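To keep things clear, I will list the structure first and then write my remarks on it.
The values are calculated or read from the model by the stated rules, or taken from the named source; none is laboratory data. No experiment lies behind these values; they were computed from the predicted model shown. Heads up, the Cβs are rebuilt from the backbone with ideal geometry, glycines too, and the neighbour counts pull from every protein chain shown. Surface accessibility is based on the protein's heavy atoms, side chains included, excluding ligands, DNA and RNA. Shrake-Rupley method; radii C 1.70, N 1.55, O 1.52, S 1.80 Å.
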Amino acid sequence: MARSKSKNKGSTSPGFNRAVQLLLHTTAVIQFNYGVYYFYNLEMPRSVFHPYAGKFKFLTFICAIIQALYYVISLVNDFVGTNELVPRRAPAIRKFKDWLLSTLAFPVALNVGITFWTLYAIDRELVFPKVLDPVFPSWLNHVLHTNIVVFIVLEMFTSYRAYPTRSKGLTGLAIFMGSYLVWIHIIKHYSNVWVYPVLEVLQLPQRILFFAAVLGFTFALYLLGEFINNVVWAKEVKLSLRKSK
């Protein structure tokens, strides 16, 4: 009896883990896909919203699309892929799921959430002017800027993912963030309006420092995700590797 107790101590059944994963992924699929749909069709005041490039100019909207895509892939993987810690031959959908969370979904979600609420606390007019309050529902604001962080952190603790090599992961993230910085400058060139009001109040040297800080912060968030993944799942992965030998 003592041997049986020590064996089960601190463990959860595969059925319980699968139920938690399914609940999290299903809730996230519904929430973020509806959030993307609602935000895309939302009429915004012309005083703060230039029509050029539509909602695709906002990192918040792009991030929400990434989250919606990630959780759809995760839910499909729950049924036709595998959630084994160390599968002998991981299917393509599992490999893409792991890459997407590691390289984009986690660091971009935390970047958007933390940056938005930090600037909001300093001066909300820099990121979310009060003129938006009558047309932009509070629940949508939290889906796009709060829940993206909550759900992706929960995902880190409920599903293991194999991180790519650090050079490949950071390169993918750098390409994405670099492309977005180029994109907002293209928008500025053709619309003569900065996507975010905070950029209007910064001089060129300050904007360069701001962009450099955002990039550095995002890379640090990638490393944070890698660290959390390794710490949370280290024992389980080691045990799984022993069993597979």
Exercise for review: Please indicate, with yes or no, whether at least one residue in region 113-129 is among the acidic types (Asp, Glu), assigned to a helix (DSSP H, G or I) and open to solvent by less than 40 Å² (accessible area, probe 1.4 Å).
Suggested key: no
Practice item. Please work out which residue is nearest to His189 (Cα to Cα), limiting yourself to region 35-60 and to residues that are in a helix (DSSP H, G or I) and touching a residue at least 60 places away in the same chain (Cβ under 8 Å). Key: Lys57
Study note, to complete from the structure: Restricting region 79-105 to residues that are crowded, with 16+ Cβ neighbours inside 10 Å and polar (S, T, N, Q), the one modelled with the lowest pLDDT turns out to be Asn83
Check your understanding: Among the candidates Leu173, Leu215, which residue alone is free of Cβ contacts under 8 Å to residues at least 60 places away in the same chain and surrounded by 16 or more Cβ atoms within 10 Å (Cβ to Cβ)?
Key -> Leu215
Point to revise | Members of region 202-245 that are under 28 Å from Thr158 (Cα atoms) and aromatic (Phe, Trp, Tyr) | key: Phe217, Phe219, Tyr222, Phe227, Trp233
**Study point:** Among the candidates Val231, Val201, Val193, residue that is more than 19 Å from the chain's Cα centre (by Cα), under 25 Å from Tyr71 (Cα atoms) and of a type in the set (A, V, I, L, M, F, W, C)
**Key:** Val231
Review point. Which condition does Leu241 not pass, out of (1) in contact (Cβ under 8 Å) with a residue 40 or more places away in the chain; (2) surrounded by 13 or more Cβ atoms within 10 Å (Cβ to Cβ), if it passes all the others?
Key: (2)
Exercise for review: Can you tell me which residue among Ser11, Ser4 is among the polar types (S, T, N, Q), open to solvent by 30 Å² or more (accessible area, probe 1.4 Å), modelled with pLDDT under 95 and in a helix (DSSP H, G or I)?
Suggested key: Ser4
Review point. So, in region 178-188, of the ones that are open to solvent by less than 50 Å² (accessible area, probe 1.4 Å) and touching a residue at least 40 places away in the same chain (Cβ under 8 Å), which residue ends up farthest from Tyr52 (Cα to Cα)?
Key: Tyr180
**Study point:** Tally, over region 189-210, of residues that are open to solvent by less than 50 Å² (accessible area, probe 1.4 Å) and either in contact with a Lys or Arg (Cβ under 8 Å, 6 or more places away or on another chain) or assigned to a helix (DSSP H, G or I) (or both)
**Key:** 7
